Structures are given as structure tokens and as C-alpha cells.
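Notes follow once the structure below has been shown.
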Amino acid sequence: MKKNGKTNGIIGLVIVTILAIVVIIGVNLLTKKEKTETATDGNTETAGSAIDVSGYESGDIKIQTASETEDGYVVTVASPGFGGNIVMDVTFDKTGDTISAVVVKEQTETEGLGSRVTEDTFLSKFNGVKAPIYLPGKAPAAGETAQETKQEEAVVDTTALADGTYTAEAAEFDKGGFKSTLSLTVADGKITEVIWDAYNEEGEFKSLLSADGGYVMTDGGPTWQEQAVALAEYAVANQSFNIPVDEGGKTDAVAGVSISINDFINLASKCLAQASPKTIKDGTYTVEGKESQGYTSIVTLTIEGGKITSVVWDGRDTAGEYKSYLSSVGEYVMVEGNPTWKEQADALAANVIENQSTKGIVLDESGKTDSVAGVSINVSEFVNLVEEALVKASSDETASEAPAEETPEAPVAPAAGTEVEAISGATISSKAVMDGINEAQKFIKEFVLAK
């Protein structure tokens with residue numbers, strides 16, 4: 001019995017020892033896994049040698065922290081977005097050229113729009129690509145940095161506008177039963193206030209209906225009134241209504257705006273015409289829009305003897321080729337059997353010359369018109385640019401001499417980098433992320449590796 005008891009004791013001790021070894025191994029494996037997850041989790045600080053960032057000047061975009069890791073660098077950067085700073089960790093390889101990963105840690109962007117910068121479908125676009133990052137058609141020229149090309153777009157000269165408040169109203173109720181109105185206030189030659197609204201046959205206004213829940217578009221998205229205010233603030237900030245739109249009259253240029261804005265642009269153009277001095281000076285005036293769908297619209301207007309004698313509307317792509325030429329040789333085709341793009345552009349120009357204004361072109365809510373025979377394209381930007389050219393012709397600005405023949409400049413070779421599409425409807429938020437990535441790379445290249 002004693003022998004059996006001793007044997008049992010030994011067996012028990014062996015079992016306890018084995019169990020202890022298993023527990024120790026399990027704890028070690030779990031600890032190792034947690035360390036691995038901590039090192040690879042983008043929402044936590046990555047272990048590495050800290051880099052002093054105190055001597056680096058970065059303007060509005062702030063480099064918060066940086067560290068050197070075994071594989072490269074991690075930079076925490078805060079970039080101003082639409083709703084506030086977007087704070088992100090940007091990981092680069094040892095050269096500082098290739099992005100390994102981007103993780104957004106903090107943001108206060110519009111829910112369902114700008115907030116989508118946190119989604120993997122957007123952030124994964126940066127994995128393994130070369131910096132700098134830029135939007136389509138916005139590549140910096142060779143020798144330029146992304147920061148050098150960040151300057152604001154040129155805005156329309158409004159110094160000739162007469163002070164006062166001007167209003168315009170759509171000719172008819174739209175398909176939804178609303179008629180748009182717009183009020184524009186000018187003080188000291190500057191646009192100081194823009195109010196866009198619409199009312200129905202009962203006299204109810206969209207602004208109030210949308211605020212009270214009586215006019216709902218998308219649950220959780222910005223209301224119609226909030227989008228109208230965002231457009232107004234954009235126009236005042238830029239002193240311009242040069243807002244690129246697609247064929248449906250929508251834009252990616254103003255964060256949070258998903259509605260058609262053709263009425264907004266059309267009525268604003270009419271208000272600008274009212275605010276402009278009525279005497280136009282002889283000369284040739286050229287106005288360019290912003291790039292949209294691969295083309296930049298250009299209107300050249302000629303005044304002779306105080307009359308509009310020539311209007312030329314064209315569109316130039318990034319390769320320097322023009323819609324007028326491409327449509328005439330069959331390389332820019334819309335609908336078979338319909339007038340070409342150039343023929344429609346010429347018909348619009350003839351209408352402006354005949355009426356000595358854009359008043360003969362009445363737009364519907366989608367930016368199209370039945371006022372000019374044979375024209376089926378979106379003409380809202382044409383109307384807007386003609387009005388802006390007339391503003392220039394009414395100012396003290398010296399008109400340019402019309403060249404005998406315009407030769408497109410050869411496209412400038414882009415610098416190294418990667419083109420990335422913005423999130424639809426959230427261009428400002430998307431660009432804030434890209435600007436932050438580019439500033440992080442600049443910090444590594446110029447402040448860390450250059451030493």
C-alpha cells in the first residue's frame with residue numbers, strides 16, 4: 001500500500017509539472033501574440049526610435065510625432081479637413097518614397113461623407129504606392145513639390161461689382177414642384193452673402209421644410225439647407241461661382257454637397273450680370289473654368305464697338321487637345337446622328353451674339369436647355385463663364401489681344417508620385433489626407449534623411 005501511495009504521489013507530481021510547463025508555454029505564446037498585435041495595430045503607437053520634431057515648421061499641417069522603426073518611419077500628422085483636423089499615422093519605407101500604410105486615428109468630418117476617409121476602401125489605395133499623392137489632373141510639375149502646388153486656384157475678379165443686393169428667380173417650377181431663388185449681396189466690390197432657396201406653389205420654402213423634416217433627401221446626410229449654405233460659403237470664400245459640375249449638375253468640389261447645383265450657378269450668373277456695370281469695353285476676354293471630367297472649359301469673348309461680336313467655347317484636356325477639334329474628327333462623339341459638340345457650342349455662341357447676353361438661354365434643373373435648337377449638352381458652365389467674361393469686360397482690367405492662332409502648350413511632365421481618386425462628395429476631406437501624407441514625406445526627406 002505504501003509503495004502504491006508513493007507511486008501515485010510521483011505520478012501526481014509529474015502531471016502537475018507537465019501542466020505547469022503547458023501553462024508557461026501558453027502564457028509565453030499569448031504574450032508574444034499580444035506584442036505582435038500591438039506592434040502591427042495602426043491605432044496604437046508603433047515601437048521605434050523617437051525622432052525630435054520640434055525644429056520642423058509645417059504650416060497648417062502639423063507633424064505631431066515621428067519614429068524610426070526597423071522597416072522605415074512612422075509619422076503622426078494632423079491635416080486640416082472640412083470639419084477639423086484629421087490625425088493619421090503614415091508609415092514609409094526606409095527611403096521615405098513608398099507608403100506602407102495610412103491609418104486615420106482622429107477625425108470630425110461629415111458623417112457618411114468625409115468620415116469615409118477612415119474606411120479601408122480609401123486608405124488601402126495608399127498601400128505600397130509612391131509619394132507624393134495627388135488628385136487626378138493635379139500632378140505637380142517635375143521639380144515642384146506637392147506643397148508648392150497647394151496654392152489656391154485663381155478666383156474671379158469682382159472688384160468691378162457694384163454694391164447692393166441682387167436677386168434672380170427660375171422661370172418655372174421644376175419637376176419636384178419648386179422654383180429656385182437666389183440673393184447675392186455685394187459690399188466694397190466683394191461678394192459678402194449668398195442665399196439660395198426654393199419655394200413650392202403653396203409658398204413653402206425648402207430651407208424651412210428641410211430644417212423641420214418636411215423635405216428629406218437621405219437619412220443621416222446633410223439636409224438640403226445645409227448643402228445650400230455650404231455652397232454659399234464656398235462662393236463667398238472663393239469670390240467665385242466657378243464650381244465644376246458633371247453631366248448631372250453635381251459637384252465634388254464642395255464637401256457634403258450631393259444635390260444638383262445647376263440652378264444655383266445659373267441664378268448666381270444672373271445676379272452677377274445685374275451687379276456688373278452696364279458699359280463693356282472693346283477687347284478680347286478669356287475665362288477658364290475648373291477641370292471636370294478630364295476637360296477644362298474655356299470661353300473667349302470679343303467686344304467690338306461695345307457689342308459682343310464673337311464667342312468661342314471650347315474644352316481642353318490634360319494633353320492639350322481641344323473638344324472642338326476632337327469632335328470634328330470623330331474622336332469626341334456623344335450621340336450618333338446628333339450635332340457634334342462643336343456644332344452645339346457654335347449654336348450657343350450664336351445665341352449669345354444675337355441676344356447680346358445669356359438671357360436667351362433658359363436652363364432646366366439638369367443644366368440643359370430647350371432654348372437653342374440642336375443643343376442637348378449641359379450648358380450651365382458655358383453660361384457661367386460668359387457672364388464672368390462680361391464682368392471682366394466691364395472692369396478696368398485691360399483686355400488681352402486675341403492671338404492669330406492659339407497653339408496649345410505641350411503638357412508638362414509630371415513629377416514622380418501617384419494619382420489617387422478622391423471619395424465622391426468628399427474632395428476636401430480626401431485632399432486633407434493626401435496633403436498630410438505629402439507633408440509627412442517632406443518631413444522625412446528634408447528633415448530626417450537630409451541630415
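Just to verify a result, which residue in the stretch 233-275, among those that are within 16 Å of Trp196 (Cα to Cα) and among the hydroxyl-bearing types (Ser, Thr, Tyr), is surrounded by the most Cβ atoms within 10 Å (Cβ to Cβ)? Once the filter is applied, the top-ranked residue is Ser269.
In the stretch 80-106, the qualifying residues are those that are in a strand (DSSP E or B) and acidic (Asp, Glu), and the one that is farthest from Met434 (Cα to Cα) is Asp93.
So, Ala171, is that one at pLDDT below 90, open to solvent by 60 Å² or more (accessible area, probe 1.4 Å) and farther than 29 Å from Phe382 by Cβ or not? So Ala171 does not fit the description; no. Would it be correct to say that Ala198 is open to solvent by less than 70 Å² (accessible area, probe 1.4 Å), in contact with a Pro (Cβ under 8 Å, 6 or more places away or on another chain) and at pLDDT 90 or above? Against the criterion (open to solvent by less than 70 Å² (accessible area, probe 1.4 Å), in contact with a Pro (Cβ under 8 Å, 6 or more places away or on another chain) and at pLDDT 90 or above), Ala198 does not qualify. Looking at this structure, is Ala253 out of contact with any Cys (no Cβ under 7 Å at 6 or more places or on another chain), part of a helix (DSSP H, G or I) and over 15 Å from Thr165 (Cβ atoms)? For Ala253, the condition - out of contact with any Cys (no Cβ under 7 Å at 6 or more places or on another chain), part of a helix (DSSP H, G or I) and over 15 Å from Thr165 (Cβ atoms) - is not met. For the stretch 121-142, the candidate set comprises residues that are assigned to a loop (DSSP other than H, G, I, E, B) and hydrophobic (A, V, I, L, M, F, W, C); within that set, the residue that is modelled with the lowest pLDDT is Ala142. Scanning the stretch 54-79 for residues that are free of Cβ contacts under 8 Å to residues at least 40 places away in the same chain and among the polar types (S, T, N, Q) turns up Ser54, Gln64, Thr65, Ser67, Thr69, Thr76.
If a residue must be at pLDDT 85 or above, closer than 22 Å to Lys250 by Cβ, buried (at least 17 other Cβ atoms within 10 Å of the Cβ) and small (Gly, Ala, Ser), how many such residues does the stretch 276-334 contain? Of the residues in that region, 3 qualify. Kindly evaluate Val299 against the criterion of being under 26 Å from the mean Cα position of the chain (by Cα) and in contact (Cβ under 8 Å) with a residue 12 or more places away in the chain. Spelling it out, Val299 is indeed under 26 Å from the mean Cα position of the chain (by Cα) and in contact (Cβ under 8 Å) with a residue 12 or more places away in the chain.
Pick from the stretch 234-274 the residues that are of a type outside the set (Ser, Thr, Tyr) and without any contact (Cβ under 8 Å) to a residue 24 or more places away in the chain: which of them is nearest to Arg116 (Cα to Cα)? Only one residue fits best here, namely Lys250.
Considering the stretch 65-81 alone, what residues qualify as being loosely packed, with under 15 Cβ neighbours inside 10 Å and closer than 14 Å to Phe447 by Cβ?
Within the stretch 65-81, just Thr65 meets the criteria.
Could you run through the stretch 49-107 and say how many residues are of a type in the set (D, E, K, R) and touching a strand residue (DSSP E or B) at 6+ places or on another chain (Cβ under 6 Å)? Counting residues in the stretch 49-107 that are of a type in the set (D, E, K, R) and touching a strand residue (DSSP E or B) at 6+ places or on another chain (Cβ under 6 Å) gives 9. Filtered by the rule that a residue be of a type in the set (S, T, N, Q) and open to solvent by 70 Å² or more (accessible area, probe 1.4 Å), the stretch 335-354 gives a lone residue, Asn338. The listed residues are Val372, Val362, Val391, and the only one of them that is farther than 16 Å from Glu288 by Cβ, surrounded by 15 or more Cβ atoms within 10 Å (Cβ to Cβ), at pLDDT 75 or above and touching an Asp or Glu at 6+ places or on another chain (Cβ under 8 Å) turns out to be Val362.
Are any of the residues in the stretch 209-228 in a strand (DSSP E or B), in contact with a strand residue (DSSP E or B) (Cβ under 9 Å, 6 or more places away or on another chain) and open to solvent by 40 Å² or more (accessible area, probe 1.4 Å)? No: the stretch 209-228 contains no residue that is in a strand (DSSP E or B), in contact with a strand residue (DSSP E or B) (Cβ under 9 Å, 6 or more places away or on another chain) and open to solvent by 40 Å² or more (accessible area, probe 1.4 Å).
Note on the stretch 103-129: among residues that are in contact with an Asp or Glu (Cβ under 7 Å, 6 or more places away or on another chain) and among the hydrophobic types (A, V, I, L, M, F, W, C), the one that is nearest to Val254 (Cα to Cα) is Val117.
The values are calculated or read from the model by the stated rules, or taken from the named source; none is laboratory data. Note that the structure is predicted; figures quoted are calculated from it, not measured. Every residue, glycine among them, receives a Cβ derived from its backbone with ideal geometry; neighbour counts consider all protein chains shown. Areas reflect the complete protein model, heavy atoms only, side chains present, ligands, DNA and RNA absent. Shrake-Rupley method; radii C 1.70, N 1.55, O 1.52, S 1.80 Å.
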